Amino acid sequence: MTVLILGATSDMSVALVKLFAAKGHNLQLAGKDMDQLTGLKSDTELRYNVLVDVLEFNALNYKSHSHFYHNLIVKPDLVILVFGYLGSQQSAIANWEECKKIIETNYVGAVSILNVIANDFEKRGSGTIVGISSVAGERGRMSNYLYGSAKAGFSTYLSGLRNRLHSRGVHVISVKPGFVRTKMTENLALPRLVTTSPERVAELIYKGVMRKTNILYILPIWRIIMLGIKFIPEMIFKRMKL
Amino acid sequence: MRTSQISNWGNYPLVNSTILNLRSKQELSSVIKSKFDFIARGNGGCYGDSSLSSNIISTLKFNKIIAFDTTTGIISCQSGITFDSLIEFIIPKGWFLPVTPGTKYITLGGAVASDIHGKNHHVEGSFKNHIISIQMLLSSGEIVECSNELNQDLFKATCGGMGLTGIILEVRFKLKKIESAFINEISIKAKNLEEIFSLFEEYKDSMYTVAWIDCLQSGKNLGRSLLMVGEHASANDKSTKRPLQVSKNRQKLRIPFYFPEIVLNRFTVMIFNFLFYHKQLGRVKRSIVSFDKFFYPLDFIKDWNKMYGRRGFVQYQFVLPLGNSKEGLHKILTEIGKSGMGSFLAVLKLFGESDGLINFPMRGYTLALDFPIRKGLFEFLDDLDKIVLQYGGRLYLTKDARMKREVFWNSYPNAREFKRIIEKFNPDFKWRSIQSDRLGISKL
């Protein structure tokens with residue numbers, strides 16, 4: 001299998017690369033930091049003896065997305081969209097540039113590239129698309145609703161895409177991580193019991209791809225936690241300080 | 001960046017630091033622009049405060065293998081790669097580390113900054129003897145290459161330079177070829193210091209030699225030890241189909257919590273040492289063991305440092321010139337025996353000739369031991385320092401957590417030149433550690 005990872009320098013991606021390469025799959029690593037990607041390429045090729053391509057990709061450069069995908073010599077069998085931007089809710093409220101970056105990276109950029117890929121996958125009638133969204137998209141809460149709303153949009157997009165492509169032999173997986181120890185959350189104090197590692201995320205995504213899961217909560221307990229959160233009546237929720 | 005309480009292997013000292021995880025060279029510009037000073041830290045395998053500071057750059061995620069030549073064994077890696085990770089890659093291909101310390105849980109950058117030595121120093125020198133070139137970041141923001149041919153002063157001050165010249169980014173070095181991951185081991189009992197010295201002489205041409213020495217013995221048993229001699233096995237030596245296999249899941253035991261201090265006392269340690277010395281019936285025992293068991297016996301016990309309790313411990317490693325080794329060790333072992341402060345087995349090695357700017361090894365004997373932190377320990381160690389200096393020896397910075405400034409300046413002959421070169425490449429002490437401050441290296 002050839003696996004395309006969009007946002008390949010992230011911690012989750014590094015773990016995914018290790019896992020898929022160890023299983024013998026070839027990789028296409030797309031991202032902004034070519035230096036970091038080149039290091040990841042050499043390490044992966046040397047350790048696992050698989051083919052690794054590195055490609056320059058910018059989620060916010062929508063115009064380049066069609067060109068980027070159609071220039072791939074080998075079209076991937078599996079695409080994993082890992083890129084995202086947490087940003088600062090606090091500063092984004094007043095600073096439009098920061099707010100725009102959050103919305104565009106997590107929703108617009110994701111839709112832009114996946115539209116291109118989905119159309120191609122539909123035409124050929126095969127493939128798997130994995131989109132990493134977030135539990136933050138399940139309900140808007142005061143501490144995180146800009147990121148949350150963008151992710152909510154992304155989750156809905158993925159579910160609609162799953163619906164459209166199902167009859168065409170293409171599978172779409174929505175991954176909804178809760179708390180994961182990565183670069184994105186480095187400055188946050190996360191509760192240990194429900195926080196997991198990028199390695200565990202990669203393992204569960206791999207299993208999900210093999211089993212053709214639809215919606216993957218990582219860790220699975222988050223499905224229950226979010227169910228609980230969604231059940232809280234709005235009258236009460238609006239008074240909470242989440 | 002996050003702030004946490006951090007310590008190195010000895011669990012002393014414990015400091016509050018802000019840690020920046022390095023993942024990419026692109027992040028280095030923000031390090032340079034920042035008004036803070038930093039020290040780079042790998043896996044924290046040193047024992048004291050060499051890689052501790054208020055602001056730490058962790059290299060653990062900057063850990064990729066960049067290139068590897070399967071014919072020459074020359075490999076190039078980012079500094080955050082651990083020896084553990086490297087071994088998994090190189091052994092199956094028939095290569096091994098040219099020099100390795102007693103644990104594989106250290107980083108390549110740390111190996112360079114400490115100029116690590118192993119059980120083969122008398123034959124193959126220290127890590128710097130196998131380095132081809134180092135790529136590093138200077139406080140000016142420049143990324144430069146240094147080696148024995150290029151920027152020699154920087155290279156000399158970086159090997160064993162405790163991270164004070166800059167951030168080591170990539171290291172290119174030469175591996176050694178092996179046929180098998182197994183070691184032909186001979187272990188020999190030595191009744192006392194006399195015997196162990198003559199055994200080291202007898203086996204001076206063997207590749208790997210190390211002695212485990214019981215520091216609580218006295219009188220005619222002073223220096224009772226077990227010498228381990230090792231040579232790489234050839235492909236046919238062990239009846240196994242895959243001589244170069246590395247097995248996973250090698251940590252058999254885990255120390256789950258800090259032991260209460262009473263657990264490690266003179267009595268329990270004496271019993272342990274006795275059992276260890278007598279674990280083989282005969283005087284000489286030959287066997288074939290895995291590289292893991294020979295080189296990294298303590299790595300099998302995860303978190304073994306917790307056995308020393310919450311207060312942690314101090315490791316004390318010194319070297320004495322050959323001519324003074326016997327008398328000096330005799331005196332030091334007697335003092336340690338009298339004080340009752342020793343702990344488990346200590347490690348004795350014979351070093352070969354060595355040369356360098358900030359260079360710990362010298363032709364002679366080196367002893368490394370652990371001291372649980374107790375009342376009176378630091379004063380006792382200051383007294384030991386005096387004896388070490390008296391016999392012309394010095395302490396290993398990578399193990400040091402408490403040496404006084406004058407001891408350093410009086411025992412490292414090139415200390416002034418070392419400081420001068422640091423000031424050349426690190427003029428405002430952008431790179432400094434608690435240790436470098438304590439020893440007066442990073443004070444203007």
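The values are calculated or read from the model by the stated rules, or taken from the named source; none is laboratory data. Only a predicted model underlies this, so the values are computations on that prediction, with no experimental measurement involved. Note: ideal-geometry Cβ built from the backbone for every residue, glycine included; neighbour counts use all protein chains shown. Only protein heavy atoms, including side chains, enter the accessible area calculation; ligands, DNA and RNA are left aside. Shrake-Rupley method; radii C 1.70, N 1.55, O 1.52, S 1.80 Å.
Can you pull out the residues in segment B:379-416 that are over 17 Å from B:M362 (Cα atoms) and either loosely packed, with under 15 Cβ neighbours inside 10 Å or hydroxyl-bearing (S, T, Y) (or both)?
Selection gives B:E379, B:D382, B:D383, B:K386, B:R405, B:E406, B:R416.
Select from segment B:53-100 the residues that are surrounded by fewer than 21 Cβ atoms within 10 Å (Cβ to Cβ) and among the basic types (K, R) and write down the one among them that is nearest to A:Q36 (Cα to Cα).
Taking the candidates together, the pick is B:K61.
Within segment B:18-45, how many residues are of a type outside the set (A, V, I, L, M) and away from chain A (no Cβ under 14 Å)?
Of the residues in segment B:18-45, 11 are of a type outside the set (A, V, I, L, M) and away from chain A (no Cβ under 14 Å).
Restricting attention to segment B:19-33, and to residues there that are of a type in the set (S, T, N, Q) and open to solvent by less than 30 Å² (accessible area, probe 1.4 Å), which single residue is farthest from A:T38 (Cα to Cα)?
Among those that are of a type in the set (S, T, N, Q) and open to solvent by less than 30 Å² (accessible area, probe 1.4 Å), it is B:N21.
Just name the residue that is nearest to A:K207 (Cα to Cα) out of those in segment A:8-38 that are among the polar types (S, T, N, Q) and free of Cβ contacts under 8 Å to residues at least 60 places away in the same chain.
Ranking the candidates gives A:N26 first.
I'd like the residue in segment A:185-204 that is within 14 Å of another protein chain (Cβ to nearest Cβ) and not in a helix (DSSP H, G or I) and, out of all such residues, is least open to solvent (accessible area, probe 1.4 Å).
For segment A:185-204, the residue satisfying everything is A:T195.
Does segment B:354-369 include one or more residues that are surrounded by fewer than 17 Cβ atoms within 10 Å (Cβ to Cβ), closer than 19 Å to B:I213 by Cβ and more than 17 Å from the chain's Cα centre (by Cα)?
no
From A:I132, A:I80, which residue is modelled with pLDDT of 95 or more and touching a Pro at 6+ places or on another chain (Cβ under 9 Å)?
One residue alone meets the criteria, A:I132.
Any chance you could count how many residues in segment B:379-429 are aromatic (F, W, Y) and without any contact (Cβ under 8 Å) to a residue 60 or more places away in the chain?
First pass over segment B:379-429, keeping only residues aromatic (F, W, Y): B:380, B:391, B:396, B:408-409, B:412, B:418, B:425, B:429.
Subset that is without any contact (Cβ under 8 Å) to a residue 60 or more places away in the chain: B:380, B:408-409, B:412.
So the answer is 4.
For segment B:185-241, enumerate the residues that are free of Cβ contacts under 8 Å to residues at least 60 places away in the same chain, over 24 Å from the mean Cα position of the chain (by Cα) and assigned to a loop (DSSP other than H, G, I, E, B).
Once the filter is applied, which keeps residues that are free of Cβ contacts under 8 Å to residues at least 60 places away in the same chain, over 24 Å from the mean Cα position of the chain (by Cα) and assigned to a loop (DSSP other than H, G, I, E, B), segment B:185-241 yields B:K191, B:N192, B:A233, B:S234, B:A235, B:N236, B:D237, B:K238, B:S239, B:T240, B:K241.
Mind telling me which of the residues B:G323, B:G328 ends up being in contact (Cβ under 8 Å) with a residue 60 or more places away in the chain and either in a helix (DSSP H, G or I) or over 21 Å from the mean Cα position of the chain (by Cα) (or both)?
Unique residue meeting the criteria: B:G328.
Out of the residues in segment A:36-66 meeting the condition of being away from chain B (no Cβ under 14 Å) and of a type in the set (F, W, Y), tell me which one is farthest from the chain's Cα centre (by Cα).
Across segment A:36-66, the extreme among qualifying residues is A:Y62.
Results for (1) modelled with pLDDT of 75 or more; (2) out of contact with any strand residue (DSSP E or B) (no Cβ under 8 Å at 6 or more places or on another chain); (3) open to solvent by less than 40 Å² (accessible area, probe 1.4 Å), shown as yes or no for each residue.
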| site | (1), (2), (3) |
| --- | --- |
| B:G223 | yes, no, yes |
| B:L226 | yes, no, yes |
| B:S239 | no, yes, no |
| B:F259 | yes, yes, no |
| B:R286 | yes, no, no |
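Against the definition (within 21 Å of the chain's Cα centre (by Cα) and open to solvent by 10 Å² or more (accessible area, probe 1.4 Å)), how does B:I301 come out, yes or no? Quick ask: steps written out before the conclusion?
Numbers: within 21 Å of the chain's Cα centre (by Cα): yes; open to solvent by 10 Å² or more (accessible area, probe 1.4 Å): yes.
Here the answer is yes, as B:I301 does meet what is asked.
Going by what's in this entry, would B:T3 be described as more than 24 Å from B:I134 (Cβ to Cβ) and either in contact with a strand residue (DSSP E or B) (Cβ under 6 Å, 6 or more places away or on another chain) or surrounded by fewer than 23 Cβ atoms within 10 Å (Cβ to Cβ) (or both)?
yes
Among the listed residues A:N49, A:N71, which satisfies the condition of being open to solvent by 50 Å² or more (accessible area, probe 1.4 Å), on the phi > 0 side of the Ramachandran plot and of a type outside the set (K, R)?
The unique qualifying residue is A:N49.
Being open to solvent by less than 40 Å² (accessible area, probe 1.4 Å) and in a strand (DSSP E or B) is the requirement here; does A:V116 meet it?
When the stated conditions are applied, A:V116 does not pass them.
In segment B:97-112, is there at least one residue being within 16 Å of the chain's Cα centre (by Cα), within 20 Å of B:D437 (Cβ to Cβ), more than 14 Å from chain A (Cβ to nearest Cβ) and in contact (Cβ under 8 Å) with a residue 40 or more places away in the chain?
The answer is yes, given that some residue of segment B:97-112 is within 16 Å of the chain's Cα centre (by Cα), within 20 Å of B:D437 (Cβ to Cβ), more than 14 Å from chain A (Cβ to nearest Cβ) and in contact (Cβ under 8 Å) with a residue 40 or more places away in the chain.
Of all residues in segment B:144-177, which are open to solvent by 80 Å² or more (accessible area, probe 1.4 Å) and either touching a His at 6+ places or on another chain (Cβ under 6 Å) or β-branched (V, I, T) (or both)?
If the condition is that a residue be open to solvent by 80 Å² or more (accessible area, probe 1.4 Å) and either touching a His at 6+ places or on another chain (Cβ under 6 Å) or β-branched (V, I, T) (or both), then B:K174 is the only one that fits.
Given the conditions (1) more than 14 Å from chain A (Cβ to nearest Cβ); (2) touching a helix residue (DSSP H, G or I) at 6+ places or on another chain (Cβ under 7 Å); (3) at pLDDT 95 or above; (4) open to solvent by less than 10 Å² (accessible area, probe 1.4 Å), and given that B:G48 satisfies all but one, which numbered condition is not satisfied?
(3)
Assess whether A:S133 counts as being in contact (Cβ under 8 Å) with a residue 60 or more places away in the chain and either of a type outside the set (V, I, T) or open to solvent by 20 Å² or more (accessible area, probe 1.4 Å) (or both).
In short, no.
Mind telling me which of the residues A:L16, A:L6 ends up being in contact with a helix residue (DSSP H, G or I) (Cβ under 6 Å, 6 or more places away or on another chain) and within 16 Å of A:V130 (Cβ to Cβ)? Explain how you work it out, then say what you get.
Working: A:L6 fails: in contact with a helix residue (DSSP H, G or I) (Cβ under 6 Å, 6 or more places away or on another chain).
Of the residues listed, the single one that is in contact with a helix residue (DSSP H, G or I) (Cβ under 6 Å, 6 or more places away or on another chain) and within 16 Å of A:V130 (Cβ to Cβ) is A:L16.
Which ones in segment A:164-218 are of a type in the set (G, A, S) and closer than 21 Å to A:S88 by Cβ?
Residues satisfying the conditions are A:G178, A:A189.
Which of the residues spanning segment A:153-184 are at pLDDT 95 or above, touching a Phe, Trp or Tyr at 6+ places or on another chain (Cβ under 9 Å) and assigned to a helix (DSSP H, G or I)?
Matches in segment A:153-184: A:G153, A:F154, A:Y157, A:L165.
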